[in-house]
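S.K.: One structure, pasted below without further comment.
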Amino acid sequence: MSQISIFEQDNNSNQPLAARMRPRNLSEFVGQEHLVGEGKILRRLIERDSVSSMIFWGPPGVGKTTLAEIIAAETKAQFITFSAVTSGIKDIKTVMQQADRVGAYGDRTIVFIDEIHRFNKAQQDAFLPFVEKGSIILIGATTENPSFEVNGALLSRCKVFVLQQLKAENIEVLLKRAISDPRGFGDMDVVISDEQIGMLAAFANGDARAALSTLEMVILNGDVDETNPDRVVITNETIEQCTSKKSLLYDKHGEEHYNLISALHKSMRNSDADAAVYWLARMLESGEDPMYIARRVTRFAAEDVGLADPRAMELAVAAFQACHLIGYPECSVHLTQAVVYLSLAPKSNAMELAYLEAAADANKMLAEPVPMNIRNAPTRLMKEQGYGKGYIYAHDTEDKIADMQCLPDNLVGKEYYHPTEQGHEGRFKARYESIKEWRRAHKKK
């Protein structure tokens, strides 16, 4: 817990570049034009000093903390920051009581909680009564969906502002400012091309903090001019060494995890093999467990392809086994083969629909008894009770089909499987229809 804004800290060269270059006001802030552009809602609230409790939700490095600190600099309120790691319930209540006393004299207190999703329910609940009665203005920042990570009661009292991933041109503006500004490398002669700045902006993947950290690493490792120690020349080789692996936005337990697997699944369903391979690569390169992907691919083979191409299941299971046996990175090609095959395969969701419809009936009629003729009768008593009476062994019949009831009485005649004409399922449909016709023709009067 801290009661000092970072604007009161000494801004010295020992701080990381990203900290030194943090925007101090809205005129220096880059990106999020939909919120802080001229005339936009958040800008108006800040300029009028009329902010209320709010949550900033967005990926890393897009300005959540910076906006909170700009509000702290421009508002006439006490500014307090909390850490989920170091702040206990007792600490929260102590400061909230202090805010109550300050409020009695007409002064306001802004409480900033970075990574509010890391606060547990009890910690979040401790803020609620003070937010309700207006003792504090709460500003939370989170990379996770607040619908899942913030208590409903607290969330309902906060306005949620969604911050978007920064565009490459936004990042380029920040990088050029860091090179020319005295807070950054303005006292040096940094020789770097616009193309190289573009490379760094693309590498950052929308994260301003990552972009500035990479720029700092590149400049510190640049080629120093022997005749002018303040002159640093940046080469493509230096950039390649400092950006050997792109840091992709991903959280295996967060929302992005579900966003990407959804993108893969829906791209395959839409028969877009190129998009499917891209989302597969995004997941694998970000560190996703290939076994998780393999399980979802196997599910897809039955859920979205089914009998339209029975081989889809075989290939998906084979890819699953390959992932299990040889692991990553070798299994990436097996998953790619499965993903491309499933994307191009004819589609049918008849298996999924059949199960869901049957499951609905099963849940409504759990007590429906099994027809006596298809019950097993391993004991004499059970045979005497009629178990298995009337059973016909289909293999002994001429058509290999018996005129025998297999559904419960209340569901006789119910159909769950609705085959399509896609791919091989057309053949299954013809067989299915011929069996139904046989049953109609041989139905006992």
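S.K.: Give K64/K266; K389/K436; K414/K443; K40/K176; K167/K266 a once-over and call out the pairs whose C-alpha atoms are over 19 Å from each other.
M.R.: On the way: K64/K266 31 Å; K389/K436 24 Å; K414/K443 15 Å; K40/K176 26 Å; K167/K266 25 Å.
Correct reply: K64/K266; K389/K436; K40/K176; K167/K266.
S.K.: As a test question: what accessible area, to the nearest 10 Å², does Y328 have when a 1.4 Å probe is rolled over all protein chains in place?
M.R.: Surface accessible to solvent at Y328 totals approximately 100 Å².
S.K.: Tell me which cysteines of the chain come out unpaired when the rule is another cysteine's Cβ under 4.7 Å.
M.R.: That list is C158, C242, C406.
S.K.: How many nm separate the modelled label positions at H34 and R231, each set 7 Å beyond the Cα in the direction of the Cβ?
M.R.: Between H34 and R231, the label points sit 4.6 nm apart.
S.K.: Then there's this: Taking Cα atoms, how many degrees apart are the long axis of helix 64-74 and the longest axis of the chain, rounded to 10 and kept between 0 and 90?
M.R.: Tilt relative to the chain: about 40 degrees.
S.K.: Which FRET efficiency value, to the nearest 0.05, is calculated for D49 and A358 with the Förster distance at 45 angstrom and r the Cβ-Cβ distance? Walk me through the numbers before you get to the answer.
M.R.: Numbers: r = 61 Å, r/R0 = 1.36.
Efficiency, from the Cβ-Cβ distance: 0.15.
S.K.: Mind checking the angle between helix 121-132 and the chain's longest principal axis? C-alpha axes, 0 to 90 degrees, to the nearest 10.
M.R.: 60
S.K.: If I take R0 = 60 Å and measure r between the Cβ atoms of V333 and I41 in this structure, what FRET efficiency does the formula 1/(1 + (r/R0)^6) give, to the nearest 0.05? It would help to have the intermediate numbers written out before the result.
M.R.: Working: r = 49 Å, r/R0 = 0.81.
That gives a FRET efficiency of 0.80.
S.K.: On to the next question. Angle check, please: helix 208-220 long axis (alpha carbons) against the longest principal axis of the chain (alpha carbons), in degrees 0 to 90, nearest 10.
M.R.: 60
S.K.: How much length, in nm to one decimal, is gained on full extension between D125 and M372, taken as 0.36 nm per residue of separation minus their Cα-Cα distance? Walk me through the numbers on the way to the answer.
M.R.: Working: separation 247, 0.36 × 247 = 88.92 nm, distance 5.76 nm.
Result for the pair: 83.2 nm of gain on full extension.
S.K.: Here is a follow-up. Dipole magnitude of the chain about its Cα centre, charges +1 at Lys/Arg Cβ and -1 at Asp/Glu Cβ only, in debye to the nearest 20? Please report the intermediate quantities before stating the final value.
M.R.: Details: 51 positive and 61 negative charges, 497 e Å.
Dipole magnitude for the chain comes out near 2380 debye.
S.K.: From Cα pairs below 8 angstrom and at least 6 apart in sequence, can you work out the relative contact order of the chain, rounded to a whole percent? Working shown, then result.
M.R.: Details: 616 pairs, mean separation 49.4, N = 445.
Across the chain, relative contact order equals 11 percent.
S.K.: Could you derive backbone 3J(HN,Hα) for the stretch 227-238 from the dihedral phi with the Karplus parameters 6.51, -1.76 and 1.60 (θ = phi - 60°), listing whole Hz in sequence and x where the residue is Gly or Pro?
M.R.: Karplus-based 3J(HN,Hα) across the stretch 227-238 equals 8, 9, x, 7, 9, 10, 9, 9, 10, 4, 4, 5 Hz.
S.K.: Something else about it: Alpha carbon centre of the stretch 159-186 versus the stretch 401-430: separation in Å?
M.R.: 61
S.K.: Counting only protein chains, not ligands or nucleic acids, how are D223, D189 ordered by accessible area (probe 1.4 Å), most first? All intermediate terms of the calculation are to be shown ahead of the outcome.
M.R.: Working: D223 80, D189 60 Å².
Result, largest first: D223, D189.
S.K.: Another question about this same structure. Can you tell me which aspartates and glutamates have their Cα less than 20 Å from the Cα of K133? Leave out same-chain residues fewer than eight positions away.
M.R.: Excluding near neighbours in sequence, the set is D49, D91, D100, D107, D125.
S.K.: What list of ³J(HN,Hα) couplings, whole Hz, do you get for the stretch 29-36 from phi and the Karplus terms 6.51, -1.76, 1.60, once you set θ to phi - 60° and write x for glycine and proline?
M.R.: With coefficients 6.51, -1.76 and 1.60, one gets 6, 10, x, 6, 4, 5, 10, 10 Hz.
S.K.: Now, a different point. Over the stretch 50-203, what percent of the accessible surface lies on carbon and sulfur atoms, probe 1.4 Å? Walk me through the numbers before you get to the answer.
M.R.: Values: 3420 of 6700 Å².
Carbon and sulfur together cover 51 percent of it.
S.K.: Can you tell me the FRET efficiency between K389 and R311 if r is taken as the Cβ-Cβ distance and R0 is 35 Å, rounded to the nearest 0.05?
M.R.: 0.25
S.K.: Hey, if we sort S348, S262 by accessible area with the 1.4 Å probe, largest down, what's the order? Let's see the in-between values first.
M.R.: On the way: S348 5, S262 35 Å².
The ordering from most to least exposed comes out as S262, S348.
S.K.: Straight-line reach from K121: which aspartates and glutamates have Cα under 12 Å away, leaving out those fewer than 8 places along the same chain?
M.R.: E149
S.K.: Now, a different point. What number comes out for accessible area per residue over the chain if the probe is 1.4 Å? Units Å², please.
M.R.: 55
S.K.: Something else about it: Of N205, N373, N145, which is the most mobile in a GNM of the chain whose springs link Cα atoms less than 10 angstrom apart?
M.R.: Greatest mean-square fluctuation among the candidates belongs to N373.
S.K.: Moving on. Quick check: with the 1.4 Å probe, what order do E47, E69, E216 take by accessible area, largest first?
M.R.: Sorted descending by solvent-accessible area, the residues read E47, E216, E69.
S.K.: How would you classify the stretch 173-216 from its alpha-carbon gyration tensor, with a ≥ b ≥ c the square roots of the eigenvalues: rounded for a/c under 1.5, else prolate if a/b is greater than b/c, otherwise oblate?
M.R.: Details: a/c = 2.37, a/b = 1.45, b/c = 1.64.
Oblate shape, in that a/c is at least 1.5 and b/c is the bigger or equal ratio.
S.K.: Please list, ordered by chain and number, the residues whose modelled amide H lies under 5 Å from the amide H of V160; skip anything fewer than 5 residues away on the same chain.
M.R.: Amide H to amide H, under 5 Å and 5 or more residues apart or across chains, V160 pairs with I55.
S.K.: Straight-line reach from K400: which aspartates and glutamates have a Cα under 17 Å away, not including same-chain ones fewer than 8 places off?
M.R.: In chain and number order, the partners are E433, E437.
S.K.: Per the 1.4 Å probe, what fraction of the accessible area of the stretch 283-372, in percent, lies on carbon and sulfur atoms?
M.R.: Working: 2860 of 4500 Å².
Carbon and sulfur together cover 64 percent of it.
The values are calculated or read from the model by the stated rules, or taken from the named source; none is laboratory data. Please read these numbers as outputs of a predicted model, since none were measured by experiment. FYI the Cβ positions are ideal-geometry reconstructions off the backbone, even for glycines, and counts take in every protein chain you see. For accessibility, only protein heavy atoms count, side chains too; no ligands or nucleic acids. Shrake-Rupley method; radii C 1.70, N 1.55, O 1.52, S 1.80 Å.
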